[in-house]
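*Asks:* Here's a structure for you.
Values quoted throughout were computed directly from the atomic coordinates according to the rules given, and no laboratory measurement underlies them. Bear in mind that the values here come from a model prediction, so they are computed numbers and not experimental data. Virtual Cβ from ideal backbone geometry, glycine too; neighbours counted across all protein chains shown.
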Amino acid sequence: MRKLIWIVLSFVSLAGNVRANGVQGKSRIEQGRWLVRIAGCNDCHTPNYSQLEGNVPEKDWLVGSEVGFKGPWGTSYATNLRLTVEQYTEAAFVSYLRQKRYLPPMPGFIFKHLTNEEIASVHAYIKQLGVAGKRTPRNLPPSQKPKGPYIYFVPQVDSK
Ligand code: HEC
């Protein structure tokens, strides 16, 4: 019985460690990096990140993409976050992220699941990467055609 309790306890502490390896007990910069990595921010905000299976040097992360996402909302571009963070203090970044209404496919709803401190650590992480890249093209309304490349983000069904 005593042995069983030990086994159960070690599993409990193992589960605790998994969480701790994620965000607790790390510097704010490390926490921010971890959140950016596992929340998939690079998938859209870093050029070719998915295609290269994440093998993009960190200095090139989050510089935004010139490939638009086109759908009923018009065309949206995953912004250069290295430039965005420069415009906000940590506190202002937290409220900006929380109140902004995002065009698809930006999953803005995930910020509900992060604390203010966690969002602030994302800011701190991106900020210390430094300014890089250029502004992404402006979003376009549905009536305007994008000049550059875009991904058509509308479900398709092939007819037989
Ligand atoms: C599926 C693609 C996708 C993913 C994943 C994604 N984004 Fe975005 N993001 C976008 C697009 C597209 C926009 C532009 C939306 C708009 O203009 O309304 C955007 C806009 C933003 C903006 C507003 C930038 C500005 O300058 O106004 C912030 C901040 C942002 N994303 C942060 C993040 C963070 C942090 C993550 C990871 C937790 C993330 N995004 C994940 C596609 C994505």
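*Asks:* Under a point-charge model restricted to the Cβ atoms of Lys and Arg (+1) and Asp and Glu (-1), what is the dipole moment magnitude of the chain relative to its Cα centre, in debye to the nearest 20?
*Replies:* Using only the charged Cβ atoms, the result is roughly 240 debye.
*Asks:* If amide hydrogens are placed 1.01 Å from N in the peptide plane, which non-local residues have theirs closer than 5 Å to the one on Tyr150?
*Replies:* Gly68
*Asks:* Over 22 Å between Cα atoms, which of Lys112/Lys134; Lys100/Lys127; Lys59/Lys127 qualify? Please list the in-between numbers first.
*Replies:* Details: Lys112/Lys134 29 Å; Lys100/Lys127 20 Å; Lys59/Lys127 12 Å.
Those over the limit are Lys112/Lys134.
*Asks:* Another question, if that's okay. Between helix 116-129 and the chain, what is the angle of the helix's C-alpha long axis to the longest principal axis, kept within 0 to 90° and rounded to the nearest 10?
*Replies:* For 116-129 against the chain, the angle is about 60 degrees.
*Asks:* I need the per residue convex hull volume for the chain, using only the alpha carbons, in cubic angstrom as a whole number.
*Replies:* Values: hull volume 29.8 nm³, N = 160.
Cα-based convex hull of the chain, divided per residue, equals 186 Å³.
*Asks:* Pairing the Cα long axis of helix 28-38 with the longest principal axis of the chain, what angle in degrees results, from 0 to 90 and rounded to the nearest 10?
*Replies:* Helix 28-38 and the main axis of the chain meet at about 70 degrees.
*Asks:* Also: Quick one: helix 2-22 against the long Cα principal axis of the chain, what's the angle to the nearest 10°, folded into 0 to 90?
*Replies:* 30
*Asks:* While we're on this one: How would you order 116-127, 134-145 from highest to lowest mean count of nearby Cβ atoms within 10 Å? Could you put the intermediate results ahead of the total?
*Replies:* Numbers: 116-127: 20.3, 134-145: 12.4.
So the order, starting with the most tightly packed, is 116-127, 134-145.
*Asks:* Another one. Work out from phi, with θ = phi - 60° and the Karplus expression 6.51 cos²θ - 1.76 cosθ + 1.60, the ³J(HN,Hα) of each residue of the stretch 93-102, listed in order in whole Hz, and give x for Gly and Pro.
*Replies:* These are the phi-based 3J(HN,Hα) values: 5, 4, 6, 4, 4, 6, 8, 5, 9, 8 Hz.
*Asks:* If you don't mind, there's one more thing I want to ask. For a bin width of 5 Å, list the pair-distance distribution of the stretch 100-160 built from all Cα-Cα distances, rounded to whole %.
*Replies:* 3, 10, 13, 17, 18, 15, 12, 6, 2, 1, 0
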